[in-house]
Amino acid sequence: MEQAGVVAAGMVLAGREFEVLAPGWVAIQDGRIVEVGSGRPPDQAGPVLDARHGLLTPAFVNAHTHVSDAVMKDRGFGQPFWELVMPPDGLRHRVLRETTPLVLREAVRDTLRHMVSCGTTAFADFREGGLAGVRLLKEAAVDQPIHALALGRFQRSPAQPAGALERNEGALSAEDLAEIDALLEAGDGFGLPSANEVTDEGLWQLGARVRLRDGLLAVHAAEAPGYRDRSLSRTGRGDVDRIAEHLRPNFVVHLTDATETELDRLAAAGIPVVVCPRIQGVMGLGVPRFDRMLERGMLVALGTDNVMLASPDPLRELEYSSRVIRAVRKDASSPSARELLKMATVNGARLLGRDSDLGLLEKGRLADMIVFNLGTLNLRPVHDPVASLVSRAEAGDIQAVLHAGLVVHGVLEVGARL
């Protein structure tokens, strides 16, 4: 692996609006970007990595995954959503219980390597298996060139007794609170399967506990009508309303079945969203209307979700998302290519609390970058590089991936200055 002094590229997508610098360069020191410029890099910038025939972009941030599900790729294809993924006895949960930690760890490591090859250098994973599940991910990722954020969950599901949930009465136990603390100590936050796992009081306790420990807090919400229906039957209120009032997470995931009123509620509360359109499509749940979220000024990021039924490839997620939302809207003009690319980069960094480090090519951030080969049969000739990324680019177009200034996938040669 080669430590970069400067990467000289045919095109660079610079800053928050992905300004096209052609040619351009990024200077790196101690793993961070120290300068971004156009034209010829300065002589004192150090050795040059040659990407003169490439497009240099920020690396992807995958804001929602379930990487352990790589042990069951395409099992359950075509089966109903509730039978596949809902705890405690959906197909994925039964398979995970029956699979040894060694097999799970190797499947996770394979997935992390795949993610890097697709240009991802950071992701947030909802972890099954309680404390052991969080530790498994951290062990699998320890020597991988990727930032792995583990959001743990209770070992048992649902977290509180059925009677308490039906009455919507009762607090989390001292054991529950101790488990939250242990998960936060080992990982990066808490990922609740749904608001229906705990009572209103439990939601408030969970939110307060995670915020006290400065952890990330996220929850699946409004993924399917059953989320709202079960919450209404128990509490008289939908899951989104309860989340906004009692849990107040850092972000929610999905909102595929969210109503306009629920979107308004979350927008007013300033709660960001991660959408995962491909997995929602393959499970027949619909299209998350991220266009309406963006119109409300909400912070929206992309995730690839469950490796069982969707590869962890942000380029495939971008292409699908761009097309399906235009088809639903019957409008080719929106969202813009730049809005979509932000969803796969800086927006994910922001909602994961890594906005100072990841998601953009600008001074001070980590030098996590992708070099796309502009000469591939798929890409050439490139007229609009941002549109090409969100609508056409494939993992096979990636020439190299850099993590903290090191080439961790592919090859860049030390070459002459521009």
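Every number here is computed from the coordinates shown, using simple stated rules; none is lab data. Here the structure is a predicted model, which is why all the values come from computation and not from measurement. FYI the Cβ positions are ideal-geometry reconstructions off the backbone, even for glycines, and counts take in every protein chain you see.
Observations, loosely collected:
- Phi to ³J(HN,Hα) by Karplus 6.51 cos²θ - 1.76 cosθ + 1.60 over the range 355-364, Hz, x for Gly, Pro: 5, 7, 10, 10, x, 9, 9, 7, 3, x
- Using the rule -39500 (n - 2.57) for each DSSP H run of four or more residues, divided by the residues of the chain, the 222 nm mean residue ellipticity is -10000 deg cm²/dmol.
- Placed amide H near residue 217: partners under 5 Å, 5+ positions off or other chain: 190, 250, 251
- Rounded to the nearest 20 debye, dipole of the chain from Cβ charges on Lys, Arg, Asp, Glu: 520
- Cβ-derived FRET efficiency at R0 25 Å, residue 395 paired with residue 19, nearest 0.05: 0.50
- For a straight C-alpha distance cut-off of 17 angstrom, the aspartates and glutamates reachable from residue 330 (same-chain residues fewer than eight places away being disregarded) are 291, 295, 319.
- Karplus-derived HN-Hα couplings along the range 26-37 (A = 6.51, B = -1.76, C = 1.60, θ = phi - 60°), whole Hz, x at Gly and Pro: 10, 8, 10, 9, 6, x, 10, 6, 9, 6, 10, x
- Summary of the geometry: the range 21-53 and the range 121-160, compared by the centres of their Cα atoms, lie 36 Å apart.
- Fully extending the segment from residue 138 to residue 214 would add 25.5 nm, taking 0.36 nm per residue of separation and subtracting the current Cα-Cα distance.
- Reach of residue 342 by Cα under 21 Å, taken over lysines that are not fewer than 8 positions away in the same chain: 363
- Assuming charge only on the beta carbon of Lys and Arg (+1) and of Asp and Glu (-1), the dipole of the range 1-151 about its Cα centre is about 260 debye to the nearest 20.
- Relative pair counts by distance (%), Cα atoms of the range 60-351, 5 Å bins: 1, 6, 13, 17, 20, 19, 14, 7, 3, 1, 0
- Summing Cβ point charges (Lys, Arg +1; Asp, Glu -1) relative to the Cα centre of the range 281-418 gives a dipole of roughly 380 debye.
- From phi via Karplus (6.51, -1.76, 1.60), per-residue ³J(HN,Hα) for the range 315-326 in Hz, x at Gly/Pro: 5, 5, 5, 4, 4, 4, 4, 4, 6, 5, 6, 5
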